[in-house]
Amino acid sequence: KLNCLIIGASHAGVNCAFALRKEGWTGNITLFDSDPNLPYHRPPLSKSFLTSEFGIEKHQLKPQLAYAKDEINLNLGKRITVIDRQNKVVTAVDGVTYTYDKLVLATGASPLIPNIEGLKSHPNIYPLRTAQDVLNIKSSFENSISKKVIIIGGGYIGLEIAASLISLSAHVTLLEREERLLARVTSPEVSQYFEKTHKEKGVIIHTAKEVTKITKTEGNLKVTCSDQTVFESDMIIFGVGIRVNTDLATEANLEVKSGIVVNGNCETSDKDIYAIGDNTYHYNPHYDRHLRLESVQNAVDQGKVAAKAICEKSDVIYDAIPWFWSDQYNLKLQMVGLIEGYNEVIERIDLEDENKRSAWFFKNEELLSVQAVNDAKAYVYGTKLIKEKAQVNKGILKSTNEPLDIKRL
Ligand code: FAD
C-alpha cells in the first residue's frame, strides 16, 4: 500500500486527510501533530473556548470515530523533526522513522514572539495559538486577584481576546504599536469604529505604544513602552502576528519565500511533497500573484485541492477569493477580498443600527474587498461582485437610505 503522511493535524491537514479518502486514495493515511489533543477548531480559542467552562472536546474538528471509519491513523503528541527527501522518510522527535510516497506539510504557524526584554523571564505571560495556551491563560486568570490583563497587539486576535475577557469581568488594557487598531487590514474609519466599540465596552486602549520591557515588582507585571510610559497588570497576553512553520521545508531544501512556495495544485518544488494552509506562499489567479493567507477557509480549500492532486484528479487549481470572519461582543465581522492598493472606501451604515455596517474598498473602479459587520447581505453581495470583477454602481452604494439590491449595484 502507498503511504501518505501529513505533518500537522489542524484545519488544513485534517481536511486533506478526509478529502483523500473521498477522492479515492486507497493507501495509508497518517496524520502527525505535536499537539496531543484530538484536532480542534482554532477560531473558538480566542472566543467561546476562552469564556466557557467546556473542554476542548466540544470543538473537535471530527469525532474520534470518524478517523477510524476512514482509516486515518492519528499520531498525536508527535513532532516530526526531519524530512529525508532522497529516501522519502520522515523522522519523529523520538527517532522513529516513517516512509512516504506522498508527503503533505500542513505545519501552519506559531505565534510571533516579540522582541521585548523580560518577555520570557516571567510567569503569566502568554501567546494564544493552542488549546493548552488557553488553559494556561484561564488558570492564571482564575488565580489572579486583581483580574488586570494587558493585551499586546490590536489585531483581530488581540481584539477578540479583549472582548472575551471583558465578558469575564476582567480589567483589560490593550497596547498597540501602530497609530491605530487593525492598521494592516482595514481603513482608518473601520479601525476607529472598533476602537470606539471596545472602549465603550470598557477596554482601555492605547495606540502608538511599543512595549520594550517587562519587569516584575511585588507580584505585578510592569510593562514599559519606548516612550517610558508604564502599565501594570498581573497577566499579559500577546498577539502580534505569526511566524510561519517553514523550518522542516527549509531544511529539506524546498523552495521557501514568505511561506512554502506551491503551485496551483499545492505542490511544492518536490512533486511528491505538498504544502497547504497558513504555511504556504501560493499563486492566486484572481490576483495574479503569490499570497500568504491566515484563514480557515484557505486551509480547508487547499487541503481539498492537494487531496485531489494527490489522487491525480485533473480538474484542480486553487482559485479562491480570501474570506475571513471575526466575532467580538455581538458583532459578527465578515470580510472578503484583500484591501492592498485601495484608494477609496465607501461606508454604508444602517440608519437605525450603527452596528450594522459595511466598508467597500475600491481601487479606482475595481471592487477589492468588503468588510461587513452584522450585515451578511453586504458580505454575500460583495463576494459575488468581487468574483465576477463586476463594475459596481458607486452612486447606489453610497445612498445608504436605500436597501442593498444586487440588481441595481
Ligand atoms: P495550524 O492551525 O497552525 O496547524 C498546524 C499544525 O501543525 C499545528 O497543530 C502544529 O502543532 C502542527 N505542527 C507544526 N509543525 C509540526 C511538526 N514539525 N510536527 C508535528 N506537528 C507539527 N481564522 C479564520 O478564518 N477565522 C477566525 O475567526 C479565526 N480566528 C482565530 C483565532 C485564533 C486564536 C487563532 C490562533 C487563529 C484564528 N484563525 C481564524 C486562523 C486559523 O485558525 C488558521 O488560519 C488555521 O488554523 C490554519 O490552519 P493550518 O492547518 O494551516 O495551521
**Report entry** Equivalent ellipsoid semi-axes, the range 338-409, via Cα gyration tensor eigenvalues times 5, rooted, Å
**Finding:** 18, 13, 11
Query raised in the report: What do the square roots of 5 times the Cα gyration tensor eigenvalues come to for the range 285-405, in whole Å, largest first, as semi-axes of the equivalent ellipsoid?
Result: 29, 17, 12
Query - Three-way shape call for the range 2-130 based on the alpha-carbon gyration tensor, with the a/c threshold at 1.5 - result: oblate
Query raised in the report: Computed over the Cα atoms of the range 274-341, what is the ratio Rg over Rh, Rh following Kirkwood?
Result: 1.03
Requested in this report: Specify whether the C-alpha gyration tensor of the chain places it in the rounded, prolate or oblate class, a ≥ b ≥ c being the square roots of the eigenvalues: rounded for a/c under 1.5, otherwise prolate if a/b is larger than b/c and oblate if not.
Outcome: oblate
Query - Length-normalised contact order for the chain - Cα pairs under 8 Å, 6+ apart - percent - result: 14
Query raised in the report: Quick one: if the Förster radius is 41 Å, what FRET efficiency do residue 289 and residue 350 give, using the C-beta to C-beta distance and rounding to 0.05?
Result: 0.70
**Report entry** Residue order, fewest to most surrounding Cβ atoms within 10 angstrom, among 235, 335
**Finding:** 235, 335
Query - Under 5 Å, built H, 5+ apart or other chain: amide partners of residue 332 - result: 374
Requested in this report: Please work out how much length the chain gains when fully extended from residue 87 to residue 171, using 0.36 nm per residue of separation minus the C-alpha to C-alpha distance, in nm with one decimal.
Outcome: 24.7 nm
Query raised in the report: Which whole-Hz couplings ³J(HN,Hα) result when phi for each residue of the range 309-320 is put into the Karplus expression 6.51 cos²θ - 1.76 cosθ + 1.60, θ = phi - 60°, listed in order with x for Gly and Pro?
Result: 5, 5, 7, 6, 7, 8, 7, 10, 7, 6, 8, 10
Query raised in the report: Within the range 132-291, what percent of beta bridges assigned by DSSP are antiparallel, to the nearest 5?
Result: 50
Query raised in the report: So how do 341-354, 137-150 stack up, highest first, on mean other-Cβ count within 10 Å?
Result: 137-150, 341-354
Report summary line: Restricted to the chain, the DSSP antiparallel beta bridge percent, nearest 5, is 60
Requested in this report: Within 10 Å of each residue's Cβ, count the other Cβ atoms and sort 59, 286 from fewest upward.
Outcome: 286, 59
Query raised in the report: Long-range amide H contacts for residue 104: which residues qualify at under 5 Å (H placed 1.01 Å from N, peptide plane, sequence gap of 5 or more or a different chain)?
Result: 5, 6, 7, 274
**Report entry** Prolate/oblate/rounded call for the range 196-267, Cα gyration tensor, a/c under 1.5 rounded
**Finding:** prolate
**Report entry** Extended-chain gain in nm, criterion 0.36 nm per residue less alpha-carbon gap, residue 319 and residue 96
**Finding:** 76.5 nm
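Gain in length, residue 57 to residue 204, computed as 0.36 nm per residue apart minus the alpha-carbon separation, to one decimal in nm?
Details: separation 147, 0.36 × 147 = 52.92 nm, distance 3.32 nm.
Between residue 57 and residue 204, full extension yields an extra 49.6 nm.
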Report summary line: Under 5 Å from the placed amide H of residue 40, counting only residues 5+ away or on other chains, we find 61
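We did not get these values from a lab; they are worked out from the coordinates using the rules stated. Computed from a predicted model, the values in this text were never measured in an experiment. Glycine gets a Cβ as well: all are built from the backbone with ideal geometry, and neighbour counts include every protein chain shown.
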